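Undergrad: The structure that follows is given in the form of structure tokens.
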Amino acid sequence: MTYLECLKEDEKYRKVSEAVSDYPDLSAKLMGAIMQHDCCIKLSENFEEILTKELPCKYTQEELNNIVENSRIQAYEVLVPVENEVILEAIKRKKAELEKYEAKLMDIYKENSEKELIFVNATDECKESE
């Protein structure tokens, strides 16, 4: 993974983490997946180092290449579904919070509208009696 790719990934993690920061359980779930992802990436980097430095190893070069590739694939197989799940759950929770907030404000609005109607009627009655 290049330095630029790492920066892009870190930026994405930061955005997702920030988006779910109101929900500790979702943040914890995301962090767990990120740690699994990082372990898989580190494993692939370790085996890649063995390959590039041609260090003694019980695996053939082809087997090492497969391990490196599989570790990278597994890193994203671990992370992406959890990321998506956490994002969707955060959206669902935010929508529910907004619906509650909207309902509360609509109740106040209705109450104010009823009062306003009373004031308008009272004002009209005062004008008629004059």
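Undergrad: How much accessible area per residue does the chain have, in Å², with a 1.4 Å probe? Working shown, then result.
TA: Working: 9980 Å² over 130 residues.
About 77 Å² of surface per residue is accessible.
Undergrad: Taking 32 Å as the cut-off for C-alpha to C-alpha distance, list the pairs among Lys12/Lys100; Lys29/Lys100; Lys8/Lys95; Lys15/Lys110; Lys8/Lys53 that go past it.
TA: Violating the 32 Å limit, Cα to Cα: Lys15/Lys110.
Undergrad: Also, I was wondering about something else. Let's test the formula: R0 of 41 Å, r as the Cβ-Cβ distance of Glu49 and Ser21. What FRET efficiency results, to the nearest 0.05?
TA: Calculated transfer efficiency: 0.70.
Undergrad: Lysines near Lys58 by alpha-carbon distance under 21 Å, same-chain residues fewer than 8 away left out - which ones?
TA: Lys42
Undergrad: To the nearest whole percent, what portion of all C-alpha pairs in the chain is separated by more than 22 angstrom? Walk me through the numbers before you get to the answer.
TA: Working: 5072 of 8385 pairs.
Taking all Cα-Cα pairs of the chain, the fraction more than 22 Å apart is 60 percent.
Undergrad: Check cross-link reach from Lys115 to the lysines: straight Cα distance under 20 Å, and skip same-chain residues fewer than eight apart.
TA: Leaving aside lysines fewer than 8 places away in the same chain, those within reach of Lys115 are Lys104, Lys127.
Undergrad: Which ³J(HN,Hα) values in Hz, rounded to whole numbers, follow from the phi angles of the stretch 64-80 under the Karplus curve 6.51 cos²θ - 1.76 cosθ + 1.60, where θ = phi - 60° and Gly and Pro get x?
TA: Result, rounded to whole Hz: 5, 4, 5, 4, 4, 5, 5, 5, 5, 4, 4, 4, 7, 5, 6, 7, 4.
Undergrad: Now a separate question. Report, in whole Å, the centroid distance computed from the Cα atoms of the stretch 17-33 and the stretch 62-104.
TA: Answer, in whole Å: 10.
The values are calculated or read from the model by the stated rules, or taken from the named source; none is laboratory data. All of these numbers come straight from a predicted model, not from anything done at the bench. Don't worry about glycine lacking a Cβ; one is built from the backbone with ideal geometry, like all the others, and counts go over all protein chains shown. Remember, those area values only see protein heavy atoms, side chains included, never the ligands or the DNA or RNA. Shrake-Rupley method; radii C 1.70, N 1.55, O 1.52, S 1.80 Å.
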